[in-house]
Amino acid sequence: MKHLVLSGLLIAAICALPAQAEISYTDILADPDNPSLNQQFARERLAAGDAKAALAAVERVLVAEPTNLGARLFRAEVLAALGADLQAEGELRALAGLPLPDTTKQRVRQLRARIEKRKKRLSFQTNLSLGYTENDNAGNWPSDNTVLLNGEPLPTSGTNAYELTLIDGTSSSAPVEDDALSQAFAVTGRYDLGSENWRSVFVSTGLNSNNGGDSGFLDGETGNFSAGLVYKHRRFTVIPRLSHAQIDNDYEQRLGNYAIHGGSLMTQYQAGSRNRITLSVGQTNLRFEGDKKSNNTDTLSGSFGWESQVGRRLVVNLGSFYQDVDARTNADLDKKLSGSNLSLRLAIARGQFLTIGGSSVETEHDNFYSQSFNPASETAQNGTTREDDITGSNISYLLMGNALSPTLRNVFFSFNHQNTEIDSNIVGFSQERSILSARVNFTYAF
């Protein structure tokens with residue numbers, strides 16, 4: 001919780017800074033021939049998803065300033081947003097024959113390439129990621145140093161000592177620190193439906209893997225598949241999605257292999273040019289293979305997110321969620337989770353972004369938890385409903401490749417440090433974990 005308090009104080013201080021007010025339609029009616037007022041209004045309307053209002057505003061600018069090349073280029077962008085590609089291309093061809101600044105020429109080329117790509121309707125994007133992960137508690141070591149399995153204490157090598165069996169059969173009497181190399185490959189196909197509202201359908205598939213670890217807790221493979229539809233009406237975007245993932249862990253005996261599949265419905269609302277609100281509901285089913293099928297669960301979830309652009313460099317994200325987990329067999333897994341998160345993303349330089357965040361989650365199990373242990377008397381302590389408080393903090397740095405060289409425009413680098421603390425009212429489930437990761441990502445669209 002302390003992470004959220006600090007982040008909240010920082011956001012309050014930032015939000016207290018004066019921000020430029022948005023232009024309203026009343027402002028335009030009061031001064032309809034003001035080019036700068038109309039141009040700002042047009043950009044705000046396009047960012048809010050109201051391309052028709054943006055087109056009317058930018059055309060008022062061109063009536064007053066017919067040689068305004070920036071307004072002509074923006075008009076082409078608005079026409080493309082409306083799906084009027086032929087009119088947009090005509091404007092871009094005319095602009096391409098004029099002596100333009102290099103930055104404007106680049107925008108013209110990018111917009112023409114985007115329109116040309118859309119003519120094909122079908123497009124693909126690939127992503128390749130290579131990275132390194134270091135985890136100082138890969139085996140979920142309890143910070144209270146005790147554990148009970150099925151009502152019986154594990155053999156101890158000292159007062160309340162906890163021993164953990166590794167994948168090679170050896171035992172550890174200390175938290176397991178491990179690292180692994182990670183690789184990920186994904187392909188997304190998108191078909192443009194050619195409609196202002198029914199935008200596209202998409203299909204995505206990928207494979208992630210971790211290997212090279214010593215303990216076996218980090219190593220494994222995840223294959224995933226998803227498909228969905230994008231619908232947009234003015235400020236609203238609606239995305240229904242179906243997904244499936246298969247997780248195969250190298251340490252199958254302890255972690256198990258399982259599949260996760262489900263569906264979700266996400267709705268985004270563009271509240272002005274600087275604020276976006278997201279609501280999502282979903283159903284997720286987790287299914288284990290083999291003798292761990294008693295741990296199968298069904299989860300109903302809902303989430304809320306708010307993103308706000310504060311000034312030119314700062315983006316604030318605030319979110320909350322609720323989950324209801326229903327176990328098929330093992331009643332100890334029935335639980336409800338609720339939480340919130342807060343993050344700040346700051347553009348510290350061209351192509352460089354720093355994100356700081358904090359989160360807090362409360363977990364309440366529905367039933368008396370059988371796997372609890374009183375270390376003082378070394379006896380099972382049944383009849384206690386398990387509750388966990390989970391707090392986390394993270395800091396990440398993103399570097400776009402084009403900030404280093406134009407030849408690296410499809411490459412970006414990311415570095416992340418995450419710390420998590422679990423405080424449980426039942427012995428054996430409190431944990432602390434710190435994860436450090438670094439990745440290089442390559443994307444290519446065709």
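List of remarks:
- A search for C-beta distances below 8 Å between a residue of segment 148-177 that is of a type in the set (Asp, Glu) and any residue that is modelled with pLDDT under 80, counting only pairs 6+ apart in sequence or on different chains, returns Glu152/Ala380; Glu163/Leu154; Glu163/Pro155; Glu163/Thr156; Glu163/Ser157; Glu163/Ser173.
- Those residues of segment 42-56 which are assigned to a helix (DSSP H, G or I) and charged (D, E, K, R), in sequence order: Arg43, Glu44, Arg45, Lys52
- Reported count of residues in segment 360-396, each being within 30 Å of Asn416 (Cβ to Cβ), in contact with a Leu (Cβ under 7 Å, 6 or more places away or on another chain) and modelled with pLDDT under 95, is 0.
- Subset of segment 32-63 that is more than 23 Å from Ser308 (Cβ to Cβ) and of a type in the set (Lys, Arg) - its residue that is modelled with the lowest pLDDT: Lys52
Residues checked against (1) at pLDDT below 90; (2) of a type in the set (A, V, I, L, M):
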position: Ser143; (1), (2): yes, no
position: Thr146; (1), (2): yes, no
position: Ser157; (1), (2): yes, no
position: Leu181; (1), (2): no, yes
position: Gly194; (1), (2): yes, no
position: Asn224; (1), (2): no, no
position: His233; (1), (2): yes, no
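- All of Ser243, Ser182 fail the test of being assigned by TED's automatic domain parsing to the domain that holds Asn285 and touching a residue at least 60 places away in the same chain (Cβ under 8 Å), apart from Ser182.
- Near pairs, Cβ below 6 angstrom, 6+ apart or cross-chain, from segment 424-439 (at positive phi) to any residue that is hydroxyl-bearing (Ser, Thr, Tyr) and crowded, with 18+ Cβ neighbours inside 10 Å: Gly428/Thr146
- For Gly139, the stated conditions do not hold, so it cannot be described as touching a Lys or Arg at 6+ places or on another chain (Cβ under 8 Å), in the same structural domain as Thr165 (by TED's automatic domain parsing) and modelled with pLDDT of 85 or more.
- Only listed residue being modelled with pLDDT of 90 or more, farther than 28 Å from Ile395 by Cβ, loosely packed, with under 15 Cβ neighbours inside 10 Å and assigned by TED's automatic domain parsing to the domain that holds Leu354, chosen from Lys293, Lys335: Lys293
- Checking each residue in segment 182-200 for being under 30 Å from Gly213 (Cβ atoms), surrounded by fewer than 16 Cβ atoms within 10 Å (Cβ to Cβ) and not aliphatic (A, V, I, L, M) picks out Gln183, Phe185.
The values are calculated or read from the model by the stated rules, or taken from the named source; none is laboratory data. Values in this document were obtained by computation on a predicted structure and should not be read as measured data. Please note: Cβ atoms are built from the backbone with ideal geometry, for glycine as well, and neighbour counts cover all protein chains shown.
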